[in-house]
Amino acid sequence: MSTTYRAIDWNRQKRRYDLTLVVLVALVFLSFMGVSLLRSTHITAETLLIRGSAVTALLLLHVILAIGPLARFDPRFLPLLYNRRHLGVTMFFLALVHSVFATVQFHALGDESPLVSVLTAYRQDYNVFASGGFQPAHFPFEPFGAAALVILFLMAATSHDFWLRNLGAGFWKALHLGVYAAYGLLLVHVAFGALQSERSPAYPLVLGLGFVVIAGLHLAAARKEARLDRAELGAEQDGFISVCRASEVREGRGRVVMARGQRVALFRQQARIFATSNVCRHQGGPVGEGQIVDGCITCPWHGWNYQPEDGCSPPPFQEVLETYNIRVIAGHVWLKATANPLGTRCAGSLVDDR
Amino acid sequence: MNDDFYIGYLEKAPSSLGRWTRRVVLALGVLVVGLAAMLAARQTPAEPGTFEFGIQRTFEGVLHESPLPMLQSVSSNGVTTHYLLVGAGKYGLPAFARGHDGQRVRFHGSLIQKGDNVMLELNDEKSFTPLGPAASDNAPGREVIGEISITGELVDTKCYFGVMRPATGKIHRACAVRCLSGGVPPGLLVRQGNDASVVILLAGLNGRPLSYEVEWAARRVRATGKLKSQGAHLVLEVARLSLVDDERD
Ligand code: HEM
Ligand code: FES
């Protein structure tokens with residue numbers, strides 16, 4: 001277990017990322033408010049704020065959800081993925097502004113505690129067995145927003161790497177998959193809420209298209225991975241499996257292969273091929289989609305480094321990836337299907353295809 | 001070698017990648033800003049209304065508690081106005097103003113107005129001053145219009161007359177439940193075509209407040225009873241009130 005955190009500086013790229021984010025969020029917010037004022041001259045400031053923050057947050061959530069699969073199709077989207085947690089935290093604060101103002105505006109200063117009222121204001125309509133059956137037009141929609149806010153809060157609060165370490169990568173990852181639950185809850189929140197009041201078809205259209213795009217991108221990315229997972233295993237000899245041609249692993253680059261149901265990252269450095277686990281110790285990024293930079297395997301997601309020969313991060317860092325034994329024979333890469341114990345050095349295997 | 005590979009902790013990304021990223025971000029920005037503007041442009045416009053929030057003026061007149069709390073006030077040029085009365089927040093007539101039926105009173109309050117429907121928020125207990133019994137010619141002045149049966153949306157009059165804009169439909173339903181539950185007079189919003197609408201205040205029979213289901217707020221209800229006018233307000237003394245299941249009338 002590592003005791004250090006990567007002190008990633010607030011460098012130029014990071015500053016530009018955040019500046020761009022702030023400017024874009026401000027532009028979206030202002031364009032919604034500005035057009036609202038033109039369209040609906042009698043609208044109150046509170047309504048503007050409630051709607052503006054909600055629409056901005058939901059649009060941002062779509063961007064957040066789209067970046068992941070996009071980066072799997074085209075690595076050029078990786079710069080957007082790199083600081084995705086900044087998008088997430090920003091989205092949470094927008095959602096918080098919306099939630100607080102909506103709760104105060106619609107529930108405060110009455111004969112019931114606002115937090116209770118959010119859940120119970122028209123509780124009769126929870127009863128889907130009442131006459132008329134389930135009616136989305138009447139079913140309470142605020143609780144779905146509140147549940148989404150709780151999830152978004154937990155994710156924003158644990159977004160720092162400190163929590164990744166202390167909660168354990170598996171639990172952390174599971175918690176952060178909660179973003180899909182939050183997205184689902186918000187679809188219901190909006191479908192049972194604003195869509196029951198607004199008459200323009202633009203609202204259901206945008207919400208539906210957004211869902212189709214997000215679901216489509218994820219399905220396509222999953223299909224791509226499944227294809228990789230199904231890729232034919234080659235011959236097997238003394239526990240070594242033929243996984244690909246050596247020429248498919250380019251100098252300085254990585255390649256992901258399957259060996260007995262696990263993904264393994266191959267890298268070629270100075271005419272040698274090395275193999276490590278494909279799962280980054282940071283947030284489980286696909287190491288094999290990275291490259292070798294300054295002699296180190298570099299994860300495409302956030303740039304964590306590992307030495308090809310032993311899978312160890314360069315000092316002072318202490319993360320380690322499993323290594324796998326490799327043989328290159330007659331232009332084919334053969335991989336030992338079981339990983340070495342952590343920290344095992346492997347010299348890699350020389351490629352003689354020059 | 002590492003031509004297009006992005007590493008976030010380095011000072012500068014490769015320039016070809018920088019160009020691509022700028023283009024993608026620009027396209028994404030235009031798309032998202034455009035969507036936000038389009039959604040804003042497709043909103044149902046809020047209806048007009050006034051709430052003089054934070055502004056208090058002095059009002060004086062005869063207080064009638066039933067069938068709905070109103071202040072009957074005569075201006076210096078002899079025009080009589082009937083103000084519907086509510087409390088601060090999501091409440092009806094506050095306790096300090098009760099028990100003065102038929103008396104002259106003076107208080108500071110804030111004006112709420114939508115068209116001819118005027119309402120006062122009594123938000124200053126200290127200013128409330130009973131001034132004794134009203135002169136005998138100050139009858140409430142209600143005129144019977146007739147028996148009607150009519151369908152509309154159950155709204156809370158405080159929000160609808162101007163405190164919240166918009167103040168109808170599902171998005172506002174919880175708020176309307178809170179207001180009605182706190183004693184804000186219920187109204188029946190009846191629309192005609194796209195633009196015209198009228199609010200009929202709902203009262204009980206024989207001067208009693210209406211007893212009804214507050215969770216019917218923002219839903220369509222059918223009310224039957226005797227319609228009267230009181231100043232510029234229409235008041236229905238409701239004999240029967242029921243939920244209309246078919247939302248389209
Ligand atoms: C306690 C939590 C929440 C409450 C009480 C709440 C309440 C509301 C209410 C009353 C509306 C209708 C407002 C109007 O149209 O004027 C609304 C709309 C909306 N809410 Fe929430 N909400 C909550 C959480 C959230 C969260 C976490 C999100 C995340 C983005 C969200 C997204 C939206 C969206 C996109 C709309 C539609 C905006 C529009 O009408 O244009 N809500 N919510
Ligand atoms: S997952 Fe973050 S650097 Fe690999």
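The values are calculated or read from the model by the stated rules, or taken from the named source; none is laboratory data. None of the values given here were measured: they were computed from a predicted structure. Every residue, glycine among them, receives a Cβ derived from its backbone with ideal geometry; neighbour counts consider all protein chains shown. Only protein heavy atoms, including side chains, enter the accessible area calculation; ligands, DNA and RNA are left aside. Shrake-Rupley method; radii C 1.70, N 1.55, O 1.52, S 1.80 Å.
Look through A:Pro114, A:Pro143, A:Pro75, A:Pro136 and report the one residue that is closer than 30 Å to A:Asn11 by Cα, of a type outside the set (Phe, Trp, Tyr) and within 12 Å of another protein chain (Cβ to nearest Cβ).
Working: A:Pro114 fails: closer than 30 Å to A:Asn11 by Cα; A:Pro143 fails: closer than 30 Å to A:Asn11 by Cα; A:Pro136 fails: closer than 30 Å to A:Asn11 by Cα.
The match here is A:Pro75.
Residue under question is B:Leu234, and the condition is that it be open to solvent by less than 10 Å² (accessible area, probe 1.4 Å), within 18 Å of B:Tyr83 (Cα to Cα) and in a strand (DSSP E or B); does it hold? Judged against the criteria, B:Leu234 is not a match. Within the range A:193-223, can you find the residues that are within 15 Å of ligand 1 (Cβ to nearest atom) and among the aliphatic types (A, V, I, L, M)? Across the range A:193-223, the qualifying residues are A:Ala194, A:Leu195, A:Ala202, A:Leu205, A:Val206, A:Leu207, A:Leu209, A:Ile214. Just one of the numbered conditions (1) within 8 Å of ligand 2 (Cβ to nearest atom); (2) under 19 Å from A:Val257 (Cα atoms) is not true of A:Pro308; which one? For A:Pro308, the exception is condition (1). Checking each residue of the range B:130-148 against the condition of being modelled with pLDDT of 95 or more and closer than 18 Å to B:Thr80 by Cα gives no match.
For the range A:273-291, which positions are open to solvent by 10 Å² or more (accessible area, probe 1.4 Å) and more than 11 Å from ligand 2 (Cβ to nearest atom)? Residues satisfying the conditions are A:Phe274, A:Ser277, A:Gln291. Residue count for the range A:311-341 under the criterion of being away from chain B (no Cβ under 14 Å) and within 11 Å of ligand 2 (Cβ to nearest atom): the result is 2. The set of residues in the range B:169-184 that are out of contact with any Lys or Arg (no Cβ under 8 Å at 6 or more places or on another chain) and more than 8 Å from every other protein chain (Cβ to nearest Cβ) comprises B:Ala176, B:Leu180, B:Gly183.
Tell me, which helices (runs of 4 or more DSSP H) wholly within the range A:70-130 include 1 or more residues that are within 14 Å of ligand 1 (Cβ to nearest atom) and closer than 30 Å to B:Pro94 by Cβ?
Working: elements: A:78-82, A:84-107, A:114-120.
Because the criterion is at least 1 residues that are within 14 Å of ligand 1 (Cβ to nearest atom) and closer than 30 Å to B:Pro94 by Cβ, the helices (runs of 4 or more DSSP H) in the range A:70-130 that meet it are A:84-107, A:114-120.
Applying the set (1) open to solvent by less than 30 Å² (accessible area, probe 1.4 Å); (2) of a type outside the set (Asp, Glu); (3) over 19 Å from B:Thr44 (Cα atoms) to B:Leu205 leaves exactly one unmet item: (1).
Counting residues that are open to solvent by less than 60 Å² (accessible area, probe 1.4 Å), touching a residue at least 12 places away in the same chain (Cβ under 8 Å) and over 30 Å from B:Ile171 (Cβ atoms), which helices (runs of 4 or more DSSP H) fully inside the range A:137-238 reach at least 2? Walk me through it before giving the result.
Values: elements: A:142-157, A:161-167, A:169-176, A:178-192, A:194-197, A:202-230.
Answer list for the range A:137-238: A:161-167, A:169-176, A:202-230.
Mind checking which residues of the range B:41-65 are more than 8 Å from chain A (Cβ to nearest Cβ) and either open to solvent by 40 Å² or more (accessible area, probe 1.4 Å) or closer than 30 Å to A:Arg51 by Cβ (or both)? Across the range B:41-65, the qualifying residues are B:Thr50, B:Phe51, B:Glu52, B:Phe53, B:Gly54, B:Ile55, B:Gln56, B:Arg57, B:Thr58, B:Glu60, B:Glu65.
Among the residues of the range B:151-194, those identified as surrounded by fewer than 22 Cβ atoms within 10 Å (Cβ to Cβ) and either in contact (Cβ under 8 Å) with a residue 12 or more places away in the chain or assigned by TED's automatic domain parsing to the domain that holds B:Lys114 (or both) are B:Thr151, B:Gly152, B:Pro166, B:Gly169, B:Ser181, B:Gly182, B:Gly183, B:Leu189, B:Val190, B:Arg191.
Residues that are within 16 Å of ligand 1 (Cβ to nearest atom) and in contact (Cβ under 8 Å) with a residue 40 or more places away in the chain do occur in the range A:2-25, at least one of them. List every residue pair whose Cβ atoms lie under 9 Å apart, where the two residues are 6 or more positions apart in sequence or sit on different chains, the first residue falls within the range A:74-99 and is assigned by TED's automatic domain parsing to the domain that holds A:Ala182, and the second residue, located anywhere, is of a type in the set (D, E, K, R) and within 16 Å of ligand 2 (Cβ to nearest atom). Correct list of pairs: A:Pro75/A:Glu289; A:Leu78/A:Glu289; A:Tyr82/A:Lys14; A:Asn83/A:Lys14; A:His86/A:Lys14. Looking at this structure, is B:Asn123 out of contact with any Leu (no Cβ under 7 Å at 6 or more places or on another chain), open to solvent by 20 Å² or more (accessible area, probe 1.4 Å) and within 14 Å of chain A (Cβ to nearest Cβ)? Taking the combined requirement at face value, the residue satisfies it.
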